[in-house]
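Worksheet: one structure, shown below.
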Amino acid sequence: MLSIQQLSLAGIRRPRLQQVQLQLSAGQLVGLVGANGAGKSSLLQVIAALLTPSAGEVRIDGTVVTSLAPEQRAQVMAYLPQYEQPQWDIKVRELVDIGLLHHRLSRRQRQLQLQHVLTACDLLQLAERPLSTLSGGERQRALLARAMVGQPKLLLCDEPTAALDIQHQLQTLQLLQQQARQGQLVLCCMHDLSLAARYCDQLVLLHEGRLLEVGAPATVLSDAHLATAFGIQAQWYCDSSGVAWIPQPLPATD
Amino acid sequence: MTVTARGWGWLFILLAVILSGWHLNQGAATVNWLDLNDLQYTIVMDIRLPRWLLVLANGMALGLAGAALQLLLRNPLAEPGLIGVSSMSALVTVTLLYFGWLAAFSWWLPLAAVAGGLAGLLLVVLLAGRQHDIYRIILAGVAVSSLAGSAMGLILYLAPNPFAFQEWSQWTLGSLANRSWSHLGLLLPCLLIGTLLLWWTRTLLTALTLSEQTVATLGFRLVSQRNGVLLAVAVLVAGSVVSVGIIGFVGLLAPHLVRLLGQEHPQRVLWLSAPAGALLLLAMDIATRLISGARELPIGIVAALVGVPLLVALLFHRYQRRFYE
């Protein structure tokens, strides 16, 4: 579904992305992990055609993303940036509706789609409330609903759980998992590796702009990879209800 | 009871009708509207009617321009007068008129004023950088306004005409005195073109509730549509400047009046700012003539007297309101 070929992105001191090669199929929640500056956000922005790569290309279902007209691109994918602060104090329903501005829908279809996403994101009760009256978690859900409302094939989220308390982090990830189960490809930058391991079907590990590993969380979060990408070691505890870990710095070497 | 946007629109129109009755009756001569004699007919047709229409059209143009600029820059303090668009329009107009390069009602005049306004706007946007930070925009606007004001002063100071400063004050302070149908003829096409451009770009202004980065992924042709809004603002302001000179603060106050009434959605702010601007300018013009003595005060002075305290209040209000951060 998503195919990234030899993707590079120039940077000021060093390339932000170097020859990234990645194939991802639909229907899964994929976590983009890596240390700060590893290139996670840059990769999402290149996929969303917000940044122009210095080499390589991104294809969705065989079509090069940059060859699509902006309106077509908006039908295929949606992007949720890390820090989004709505400037005007509009209602939740009006915010979510912004995601449909370039979708050619009848009034009825539009209402149905809005209703569907508001229900899925547990926002029906809040639909007529101004954004200023929502908590941080509720506002993040509303922003996520805006990205989801157009039912894009590819949903790109840049740290959707940042600055949320643990309950809202879990709710958000469950929501993204549901989207993936309905056939979308959901690609998320994530910092919390235990949540990434628990909720994501696959992880993509980046290190200094290069792709280090792609695969199931257990494969990607190996001791060697954790040491290389994050400079840490960890003990993992897994049972049927989830994953927990204790990260520690690597022992000092002489 | 909550009043809908349409309800407020009708209320604005009703208030405008009431104020219009007052406005049309202001003046030295008493007019018997049901039985106009020749003199009264001339007074109404040549003085009061064009002035009244000019007030309404200018209020609408400035209200729309202010709202569009605030929505485009995602900045509740953006205003064409405050950020130098009006000054640059006026500078170009005064320069062309003063040196006799164009006649007072030439069709090139609004076009030249549009170019001046656009140059001012681009200069502010370039100086403020990509982030459109609220304070940088204001600072850049102050710089551009001051530059345009000084340039205007210098041109007129160096010119060998003793009436230069009188001419200068008429453009910088804005005046509705001695205006005719010809002035209205310069403004109306600008109002029409500006409104059509804003209609074309209206969805972009709604989307800009979110960051530009997000809007770029929502299917907009960002560059052309953003330029469309900038052109609309420049056209509306230029039409206003060539017809009555600079009138500040209406473009700032009209959208805030709409927001104070609980209408926060960009579309409602945009379109309700037109009648709100007309209403404000109508009230300001009535006040101007009420407080003026034998010599009429420029309306720009009254607009500033009302506008500056409100601008200060808005700046303080910003510290208390989370959502404007």
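Tabulated values for the structure
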read-out: Residue among B:74, B:6 that is under 25 Å from the mean Cα position of the chain (by Cα) and more than 14 Å from every other protein chain (Cβ to nearest Cβ); value: B:6
read-out: Unique residue being farther than 21 Å from residue A:191 by Cβ, modelled with pLDDT of 90 or more, crowded, with 23+ Cβ neighbours inside 10 Å and not aliphatic (A, V, I, L, M) when the list is A:73, A:16; value: A:73
read-out: Total residues in the range A:158-207, condition within 17 Å of residue A:121 (Cα to Cα) and part of a strand (DSSP E or B); value: 1
read-out: Single residue of A:132, A:106 found to be small (Gly, Ala, Ser) and within 11 Å of chain B (Cβ to nearest Cβ); value: A:132
read-out: Hey, residue A:58 in contact with a helix residue (DSSP H, G or I) (Cβ under 6 Å, 6 or more places away or on another chain) and more than 10 Å from every other protein chain (Cβ to nearest Cβ) or not; value: yes
read-out: Options A:141, A:146: the member that is closer than 25 Å to residue A:190 by Cα and either away from every other protein chain (no Cβ under 14 Å) or in a loop (DSSP other than H, G, I, E, B) (or both); value: A:141
read-out: Qualifying residue in the range B:291-302 (condition: among the aliphatic types (A, V, I, L, M), buried (at least 24 other Cβ atoms within 10 Å of the Cβ), farther than 16 Å from residue B:51 by Cα and within 14 Å of chain A (Cβ to nearest Cβ)); value: no
read-out: Elements of type helices (runs of 4 or more DSSP H) in the range B:192-307, at least 3 residues being over 30 Å from residue A:144 (Cα atoms) and without any contact (Cβ under 8 Å) to a residue 40 or more places away in the chain; value: B:266-291
read-out: Residue in the range A:91-102 that is at the interface with chain B (Cβ under 7 Å from one of its Cβ atoms) and within 22 Å of residue A:183 (Cβ to Cβ) present; value: yes
read-out: Those residues of the range A:170-189 which are among the hydrophobic types (A, V, I, L, M, F, W, C) and surrounded by fewer than 18 Cβ atoms within 10 Å (Cβ to Cβ), in sequence order; value: A:170
read-out: Condition met for residue A:167 (touching a residue at least 24 places away in the same chain (Cβ under 8 Å), away from chain B (no Cβ under 12 Å) and surrounded by 22 or more Cβ atoms within 10 Å (Cβ to Cβ)); value: no
read-out: Tally, over the range A:182-206, of residues that are among the basic types (Lys, Arg) and closer than 24 Å to residue A:17 by Cβ; value: 0
read-out: In the range A:96-129, the residues that are loosely packed, with under 13 Cβ neighbours inside 10 Å, not in a helix (DSSP H, G or I) and not hydroxyl-bearing (Ser, Thr, Tyr); value: A:104, A:128
read-out: Given (1) within 19 Å of residue A:8 (Cα to Cα); (2) surrounded by 22 or more Cβ atoms within 10 Å (Cβ to Cβ); (3) touching a helix residue (DSSP H, G or I) at 6+ places or on another chain (Cβ under 6 Å), number of the condition residue A:92 does not satisfy; value: (1)
read-out: Residue check for residue A:81: within 8 Å of another protein chain (Cβ to nearest Cβ) and either over 27 Å from residue A:25 (Cα atoms) or touching an Asp or Glu at 6+ places or on another chain (Cβ under 8 Å) (or both); value: yes
read-out: Helices (runs of 4 or more DSSP H) lying entirely in the range B:1-79 (those with 1 or more residues that are farther than 24 Å from residue B:187 by Cα and free of Cβ contacts under 8 Å to residues at least 60 places away in the same chain); value: B:5-25, B:38-42
read-out: Given (1) over 21 Å from residue A:81 (Cβ atoms); (2) touching a residue at least 12 places away in the same chain (Cβ under 8 Å); (3) assigned to a strand (DSSP E or B), number of the condition residue A:155 does not satisfy; value: (1)
read-out: Single unsatisfied condition, residue B:236 versus (1) crowded, with 24+ Cβ neighbours inside 10 Å; (2) within 14 Å of another protein chain (Cβ to nearest Cβ); (3) of a type in the set (A, V, I, L, M); value: (2)
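Quick grid of which residues meet (1) aliphatic (A, V, I, L, M); (2) at pLDDT below 85; (3) surrounded by fewer than 24 Cβ atoms within 10 Å (Cβ to Cβ):
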| position | (1), (2), (3) |
| --- | --- |
| B:65 | yes, no, no |
| B:77 | yes, yes, yes |
| B:80 | no, yes, no |
| B:91 | yes, no, no |
| B:105 | no, yes, yes |
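The values are calculated or read from the model by the stated rules, or taken from the named source; none is laboratory data. If you're wondering where the values come from, they're calculated on a predicted model, not measured in any experiment. As a convention, Cβ positions derive from the backbone with ideal geometry for all residues, glycine included, and neighbour counts pool all protein chains shown.
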